[in-house]
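S.K.: Take a look at the following structure, please.
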Amino acid sequence: MDFVKPTIEYAELAPLLIVLGGACLGVVVEAFVPRERRRLVQVALAAVVLVAAFATTIWVATDLAEVADGAARGLLAAEGTIVVDGPTVFLWGLVLLLSLGGVALFAERRLEGGVSAFAGQAAALPGTEAEREVSTRGWEHTEVYPLLLFAVGGMMLFPASNDLLTMFVALEVLSLPLYLLCGLARRRRLLSQEAALKYFLLGAFSSGFFLYGVALVYGFAGSMQLAAIAEAVRNDTENQGLLLVGMGMLAVGLLFKVGAAPFQGWTPDVYQGAPTAVTAFMSAATKVAAFGAILRLFYVAFGSDRWSWQPMMWAVAILTMVVGAVVAVSQTDVKRMLAYSSVAHTGFLLTGVLGVQGAGELAEGQVTSLQAVLFYLTTYGVATLGAFAVVTLVRDSNGEATHFDRWAGLGRRSPWLAAAFGLYLLSMAGIPLTAGFVGKWAVFTVAMSAGAWPVVLTAIASSIIAIFFYVRYIRIMFFAEPEAGPDGLPGEVASVTTPSLLTSATIAVGVLATVVIGVVPGPVLDLAARAGDFIR
Amino acid sequence: MSDVPWLTVLVAVPLVGAVVVAALPRAELAKLVALLVSVLTLGVGVAVALQYELGGGMQLTETHDWIAAFGVHYALGVDGLSLLMVLLTVVLVPIVLAYSWTHADEGRGASGSTRSFFAWALALEALSLAVFLATDVFLFYVVFEATLIPAYFLIGGFGKAGRGAAAVKFLMFQLGGGLVLLGSVIGLYVVSAQAGEPSYLHADLAELDLSTSAERWLLAGFLIAFIVKAPLFPLHTWLADTTEKATPGTSVLLVCVLDKIGTYGMLRFCLELFPEASRWATPLVVTLALISIVYGALLAIGQDDLLRLVGLTSLSHFGFITLGIFVFSSQGQSGAILYMVNHGLGTALLFLTAGHVIERRGTSSISRMGGMEKLTPVLAGLFLVAGLATLSLPGLSPFVSELLVIIAAFDYHWWVGAVAVTGIVLAAIYVLWMYQRVMTGPGPLAAGAAGGAGEHADDPARREPAGHGTDAPTGGTATATATRPTTGTTAGSSTAVGPRDLRPHEVAVLAPLVAGLVFLGFYPMPLFDVANPYVEDLMSHVGVEDDAPAVPEGTTVEHAGEGAH
């Protein structure tokens, strides 16, 4: 058998290669740069890599060739395993921007009195002499930056993969660094390690489902390529059972990653246990990447069989929205509340996903489900990243104060920060003139157009429930008095630690984006519309 | 038509003013600037009214693309209905701000500052104006929901203990209704897209040919949202709690301006976009309106809290307005539109005078009041005028509108009219009984002299903290003002210094409302001139003709609805 040298479209894949290359370089830096200088080098490297990747993404985006009579733009790269098309570059850009915010939060050192939020040495057992020694020496793990870059690389590959194996590899590349990052909290280390283990075990389990699904679908279609699968789905009416079970297994793997019910169990624990900077990055960027993959898999590979998977999506979306909204009401910890709210948002996004319609069924200029989901991901990612960034700042003597009581009256002590958090919550609640409203409108509309009115009604009902806990939180911040402690004295309340420019800038940019996209959503919507369709 | 985008200016002036006021360093300066801005807005509103051409349909229109992907436009326009609502808003806001000049300090909680009260009030004015001017359904929806944010902070930040919970309740009801409306707004997009190119312009949507079931479903969403907003039974429960806890100034903005969006929306959207379905829903809506009229009045009679009482009278009044809208005759609809204006003036006066009474007595509990008449004759007189306007005494403007609505109700069906008329009787009971308990009887001095122990029971500041632990330090109006009668009785029992009467500037603030009530009571023609052309257009659009106005046949039951088929 002759060996044929594969052709790699280096130019179009440049953003991906830059990020993965930067990650490898970060590992080298870890080995060769002295400990005291590592942080600066790593932060600078990560930032430069992300900015460079973003710049090349824009360059790639402007240069994509039109295919299929202008319905889509892009090309198949790397022997047909990776596809660089409009949605791909949109998601790349989004992931890179959110990761840039993540790096800024990772690099914040002013909050913990001169050290980062990550453990000095993850290997040191909590409470031992070794840990104290590390702590007094002020060490910190600078490996988090290469880990972040690897995760970003996986997130970029995930929605761009054009066959099931690449998709699986991408899933693992994005997941493994996240498992590690979750366990690296400097404070409450046991909680953090527990979260990491839980995430890892369940994540590995769901990967198993995904892999089994890959095998079954291969058995049905005889190919890993999404296009070939789509072809088989269209033509082959044999072995429908194999296809349906395989589709279900793949869905389990992907729905686990986005935290859809009934696979949402890990979300609150992991979001709460992980260092908040990691939670911010993970909750925003992972969801973007995983929804990109869901869209590609279900629209491209199973698009012509959508009558088979839409009922499942209906059920999952309804369940996810209801579970997320209802359980969030009973939370008393802000990170857990945001976790359940992110579950509810997964449901809203799925509402957009199941609103897919054939090209012939849409009116001229009508919003497509792809456009709606891409837009929603943008608004959700920005608001979530910003909200968790605010959480990192609100602290008491034990570090971050995540209990509701501690936030009482924050609006009076730090009006600007409380207002920023309030704005993020309003955006998540979907109040008009914030970005979240337009996103919600878009996904509900596409679902309604596709005739999924029961889902839309459920979505509206869950939005009403969701508004309750968002508004209650705003009330706690602005109108509640701190409750008295058991000794009758006013209880301890959290105050806002002044952050460095890194965190403040992340929050400020998020606020600005939330307002601007809310008032003038046109440009972002057009961008999502211009992304066009997937290449099949 | 001039080149100046007058309507945008009208919205922008208070909006910019709100931002400026929020950024000003000193509270005194902020108050002054806020008042000037609201007067300037009044000026712009009058300028718009002067350019308005009677019977000219939608005027001064501005249309720009906003979100092209959704077919959404930034489109403003003014017609007879919106003009009246705009004028009501721009007149009431300066009055509220002037009234709140001193009260915002007293009624504020630790979380609110005087400055933010004025800033939020201006923001609310700007958004309300935008609601009344929007001619794009999406734009309407956006500003409709956005008004809730200033309203939430006005309720939650200013008023008495328990206002935080009241604010959440208010917001939950409103946003809940709003999300139901969102369902219908989305539905409109879908049917509009199916009909060709998606567009949210009111004019485009009114021409859509909807299937019967689609029209009814869409109407249901709009109607539920407006029933929450207006409010009508059974979605009214937020109203009493909100008016009880909020300051009277806030209540005026909410009940007299913001709630009008509900009845405005019924006319503008339910009737104009879904005429057939609206006629189909008439029996249900009329029933709800009648229940609201009677039930609201009965509840009002039973209230002990003065502000709760005033709030619940509005439930009854909104029942009248809705009734007038949904009986589908030109008298009914002219009456309803006039009612919206007159109710705004009358209830504003009632809220503000009630606020003065409460400030002087240090309690809002009617059973602890009495005998104010002799000590504060001017206040008592104005309070009486406001009360009489509320019960629609002939000679005051609400009489005209209520009469029209009741005539139209009788015309619709005799028993509808019969039930509506009981509202008048009940209104007489709650107003006169309220006046009697608050103003007549032995005076507060006598009550104070009866014993020092009674003084403590009278003082809500000492009673409420026990019940509301979290808000205790912010006792609000009560804490700040309760001391006044107390010191009056203990320190100056020989000189008999009771609650002082209204000062000239306080009278001056209320004077425009009284003047408006009396003038429009004797000469309502200006309102008719504006409202009637709108009603004529609406009636022809809906496809309903009035019955022949022959008096003898009036007794035979002849529906307005029959003319349509």
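S.K.: Place the peptides B:349-359, A:313-323, B:502-512 in order of packing, highest mean first, counting for every residue the other Cβ atoms within 10 Å and averaging per peptide. All intermediate terms of the calculation are to be shown ahead of the outcome.
M.R.: Numbers: B:349-359: 25.5, A:313-323: 22.0, B:502-512: 15.5.
Order by mean packing, descending: B:349-359, A:313-323, B:502-512.
S.K.: Moving to a separate point now. Out of segment B:202-258, which GluC sites (Glu not before Pro) are coil in DSSP terms and have no more than 16 other C-beta atoms within 10 Å?
M.R.: Details: sites: B:E207, B:E215, B:E244; in loops: B:E207.
Taking segment B:202-258 and a limit of 16 other Cβ atoms within 10 Å, the loop GluC sites (Glu not before Pro) found are B:E207.
S.K.: For segment B:182-198, in order, what is each residue's ³J(HN,Hα) by Karplus, 6.51 cos²θ - 1.76 cosθ + 1.60 with θ = phi - 60°, in whole Hz (x at glycine and Pro)?
M.R.: Working through the residues one at a time gives 4, x, 6, 5, 5, x, 4, 4, 5, 5, 5, 5, 5, 7, x, 8, x Hz.
S.K.: From the Cα gyration tensor of segment B:224-303, with a ≥ b ≥ c the square roots of its eigenvalues, which class applies: rounded if a/c is under 1.5, or else prolate if a/b is larger than b/c, or else oblate? Could you put the intermediate results ahead of the total?
M.R.: Numbers: a/c = 3.18, a/b = 1.52, b/c = 2.09.
In terms of gyration-tensor shape, oblate.
S.K.: Which whole-angstrom value gives the distance between the alpha carbon centres of segment B:378-424 and segment B:236-271?
M.R.: 19
S.K.: Now a separate question. If you find the alpha carbon centre of segment A:244-290 and of segment A:67-145, how far apart are they in angstrom?
M.R.: Rounded to whole Å, the Cα centres lie 16 Å apart.
S.K.: For the protein assembly as shown, give the magnitude of the charge dipole about the Cα centre (Cβ charges: +1 Lys/Arg, -1 Asp/Glu; no others), in debye to the nearest 20. Write out the running numbers ahead of the final one.
M.R.: On the way: 55 positive and 80 negative charges, 761 e Å.
Approximately 3660 debye in magnitude.
S.K.: Give me the number: length gained by fully extending A:A44 to A:V515, i.e. 0.36 nm times residue separation minus the C-alpha to C-alpha distance, one decimal in nm. Provide the component values of the computation, followed by the final result.
M.R.: Details: separation 471, 0.36 × 471 = 169.56 nm, distance 2.94 nm.
166.6 nm is the gain from fully extending A:A44 to A:V515.
S.K.: Only sites in a loop by DSSP and with at most 15 other Cβ atoms within 10 Å count here; which GluC sites (Glu not before Pro) in segment A:8-46 make the cut? Intermediate results must be reported in sequence, preceding the final value.
M.R.: Values: sites: A:E9, A:E12, A:E30, A:E36; in loops: A:E9.
Hits after loop and neighbour filter: A:E9.
S.K.: Output the 0 to 90 degree angle, nearest 10, between the alpha-carbon long axis of helix A:453-479 and the longest principal axis computed from the alpha carbons of chain A.
M.R.: Orientation of helix A:453-479: about 20 degrees from the principal axis.
S.K.: Related question: Can you give the extra length, in nm with one decimal, that the chain gains between A:V169 and A:E238 once fully stretched, where that is 0.36 nm per residue apart less the Cα-Cα distance? The partial results should precede the final answer.
M.R.: On the way: separation 69, 0.36 × 69 = 24.84 nm, distance 2.90 nm.
Extra length from A:V169 to A:E238 when fully extended: 21.9 nm.
S.K.: Run the helix sum for chain A: -39,500 (n - 2.57) per DSSP H stretch of 4+ residues, divided by residue count, reported at 222 nm to the nearest 500 deg cm²/dmol. Numbers along the way, then the final one.
M.R.: On the way: 21 runs with 361 residues, N = 536.
Theoretical 222 nm ellipticity from helices: -22500 deg cm²/dmol.
S.K.: Using the Karplus curve 6.51 cos²θ - 1.76 cosθ + 1.60 with θ = phi - 60°, what ³J(HN,Hα) values do you get for each residue of segment A:495-508, in whole Hz, with x for Gly and Pro?
M.R.: Coupling constants for segment A:495-508: 10, 9, 7, 5, x, 7, 4, 4, 5, 4, 5, 4, 5, 5 Hz.
S.K.: Okay, moving on. To the nearest whole number, what is the average tally of beta carbon atoms from other chains within 10 Å of the beta carbons of peptide B:172-181?
M.R.: What the average comes to for B:172-181 is 5.
S.K.: Something else now. If you take the square roots of the eigenvalues of the alpha-carbon gyration tensor of segment A:96-214 and sort them as a ≥ b ≥ c, do you get rounded (a/c under 1.5), prolate (a/b over b/c) or oblate?
M.R.: Working: a/c = 3.32, a/b = 1.72, b/c = 1.93.
Because a/c hits 1.5 or more and a/b fails to exceed b/c, segment A:96-214 counts as oblate.
S.K.: Using per-residue counts of other Cβ atoms within 10 Å, averaged over each peptide, order B:141-149, A:431-439, A:390-398 from highest down.
M.R.: Going from most to least packed, we get A:431-439, B:141-149, A:390-398.
S.K.: Just counting partner chain Cβ atoms within 10 Å, what average do the residues of peptide A:432-445 show around their Cβ?
M.R.: Working: counts 13, 6, 2, 0, 0, 5, 6, 0, 3, 10, 4, 1, 7, 9.
If you average over the peptide's residues, the count of other-chain Cβ atoms is 5.
S.K.: Okay, next question. Kindly provide the chymotrypsin sites (Phe, Trp or Tyr not before Pro) of segment A:1-95 that DSSP labels as loop, not H, G, I, E or B, and whose Cβ sees at most 11 other Cβ atoms within 10 Å.
M.R.: Numbers: sites: A:F3, A:Y10, A:F32, A:F54, A:W59, A:F90, A:W92; in loops: A:F3.
Filter output for segment A:1-95: A:F3.
S.K.: Let me make sure I get this right: for the protein assembly as shown, a, b and c are the square roots of the gyration tensor eigenvalues over alpha carbons, sorted descending. Under 1.5 in a/c it's rounded, otherwise prolate if a/b > b/c, else oblate. Which is it?
M.R.: Working: a/c = 2.48, a/b = 1.52, b/c = 1.63.
Judged from the Cα gyration tensor, the protein assembly as shown comes out oblate (a/c at least 1.5, b/c at or above a/b).
S.K.: Please list, in chain and number order, the residues 5+ apart from A:V67 or on another chain whose amide H is under 5 Å from its amide H, with Hs placed from the backbone.
M.R.: Result for A:V67 returns A:A72, A:R73, A:G74.
S.K.: Quick one: if you stick a label point 7 Å off each Cα along the C-beta vector at A:E361 and B:T440, how many nm between them?
M.R.: Spacing of the two 7 Å Cα→Cβ label points: 7.1 nm.
S.K.: Using the Karplus equation 6.51 cos²θ - 1.76 cosθ + 1.60 (θ = phi - 60°), what ³J(HN,Hα) coupling, rounded to whole Hz, does each residue of segment A:266-280 give in order, writing x for Gly and Pro?
M.R.: Values per residue, Gly and Pro as x: 6, 4, x, 5, 5, 4, 6, x, 5, x, 4, 4, 5, 4, 4 Hz.
S.K.: Which entries in A:K335/A:K440; A:K257/B:K229; B:K229/B:K374; A:K257/B:K169 show an alpha-carbon gap greater than 29 Å? All intermediate terms of the calculation are to be shown ahead of the outcome.
M.R.: Values: A:K335/A:K440 22 Å; A:K257/B:K229 41 Å; B:K229/B:K374 39 Å; A:K257/B:K169 36 Å.
Pairs exceeding 29 Å: A:K257/B:K229; B:K229/B:K374; A:K257/B:K169.
S.K.: Counting other C-beta atoms within 10 Å, which of A:K335, A:K5 has the fewest, and how do the rest follow? The partial results should precede the final answer.
M.R.: Details: A:K335 22, A:K5 5.
The most exposed by this proxy come first: A:K5, A:K335.
S.K.: Follow-up question, since we're still on this one. Just tell me how shielded B:130-143 is by partners: mean number of partner chain Cβ atoms within 10 Å of each residue's Cβ, no decimals. Walk me through the numbers on the way to the answer.
M.R.: Values: counts 0, 0, 0, 0, 0, 0, 0, 0, 3, 1, 0, 3, 8, 2.
Mean partner-chain Cβ count within 10 Å for B:130-143: 1.
Bear in mind that the values in this text are calculations on the coordinates, not laboratory data. None of the values given here were measured: they were computed from a predicted structure. Cβ sites come from the backbone with ideal geometry, for glycine too, and all protein chains shown count toward neighbours.
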